[in-house]
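Encoded as structure tokens, the structure appears first; notes follow it.
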Amino acid sequence: MTSEKQYLIDVMTVKDTWRLFKVLAELVDGFETLSEFYPCISIFGSARVHPGDETYEKTFIIARELAKHGYHIITGGGPGIMEAGNKGARAGDAKSIGLNIHLPLEQKPNIYSNIKLEFRYFFVRKLMFVKYAQAYIGMPGGFGTLDEIFEALTLIQTKRIKPFPVILVGSDYWNGLLEWIKSTLLTRKLISPEDLELITILDNPEDVVKTIRERIGVL
């Protein structure tokens, strides 16, 4: 090995070692802040919708009604569905928690979260979502939303975490995905029939709130 290659390896090793301290700092900050709040509901969805959009307004209603019943709301802290969730939490007088991620595009913190945390590392942020949530709500969204929802489903399926409700809101949006799961994954026996029971698809905000209260406790 040339001295130049060894130098590069050494530099990368040092950078990775110091990066561990940054990761640890985010973990400690998240644990110390979020451990004070219970129960919490994590809400996911597109950052690209705006006030007045049907999905935005429905998210606001769901978050507000859950907040009125004593559930704190966790979102990704950015615009769109995240903003609607934080706005609803404040309107319902619960803690409005935003876990913001540093991104070059799209992600700017919304003004409605009264508990704010900043993350550089996606995996640390995702840990906070799942560790402190008693339920997941997936509104229509893109890759990020799918990532969060399927990670939770995987962790529940593999019994790495205690099961909690995973509710997808909007049958017109989610039914196509569910049908593909049934016709492809289930048909090829890549998942078990009982795995489908991990997913609940609902449309009305009232049904979302009722389902959560029934399954994780009435506050």
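Annotation: extensible slack from residue 211 through residue 196 equals 3.7 nm (criterion: 0.36 nm per residue apart, minus Cα-Cα distance).
Distance cut-off 23 Å, Cα to Cα: go down the list 58/87; 87/108; 189/210; 95/210; 68/116; 131/159 and report the pairs above it. Cα-Cα > 23 Å for 189/210; rest within.
The charge dipole of the range 121-183, taken about its Cα centre with unit charges on the Cβ of Lys, Arg, Asp and Glu (plus for the first two, minus for the last two), comes to roughly 400 debye.
Between residue 53 and residue 29, the distance separating the two model label sites (each 7 Å from Cα on the Cα→Cβ line) works out to 2.7 nm. Helix 205-216 versus the longest principal axis of the chain: what angle, 0 to 90°, nearest 10, using Cα atoms? Compared with the principal axis, the helix lies near 70 degrees. Here the Karplus curve 6.51 cos²θ - 1.76 cosθ + 1.60, taken at θ = phi - 60°, turns the phi angles of the range 74-89 into couplings of 10, 10, x, x, x, x, x, 4, 4, 4, 4, x, 5, 5, x, 4 Hz, with x standing for Gly and Pro.
Taking 0.36 nm per residue of separation and subtracting the Cα-Cα distance, full extension of the segment from residue 158 to residue 204 would add 13.6 nm. Consider a paramagnetic label point 7 Å from the Cα of residue 111 along Cα→Cβ; state which residues of the range 45-68 have an amide N under 15 Å from it. In the range 45-68, the label zone of residue 111 (backbone N under 15 Å from the point 7 Å along Cα→Cβ) covers 51.
Can you give the relative contact order of the chain as a percent, counting alpha carbon pairs under 8 Å and 6+ residues apart?
The value is 19 percent.
Rounded to the nearest 500, what is the chain's calculated 222 nm mean residue ellipticity when only DSSP H runs of at least 4 contribute -39500 (n - 2.57) each, over all residues?
Mean residue ellipticity, 222 nm, calculated: -15500 deg cm²/dmol.
Peptide packing: for 44-57, 158-171, 180-193, the average count of neighbouring Cβ atoms within 10 Å per residue gives the ranking 44-57, 158-171, 180-193, highest mean first.
Laboratory data are not the source of any read-out in this text; all were calculated from the coordinates shown. Model, not experiment: these values are computed from the prediction. Because the Cβ atoms are built from the backbone with ideal geometry, glycine has one as well, and the counts that use them run over all protein chains shown.
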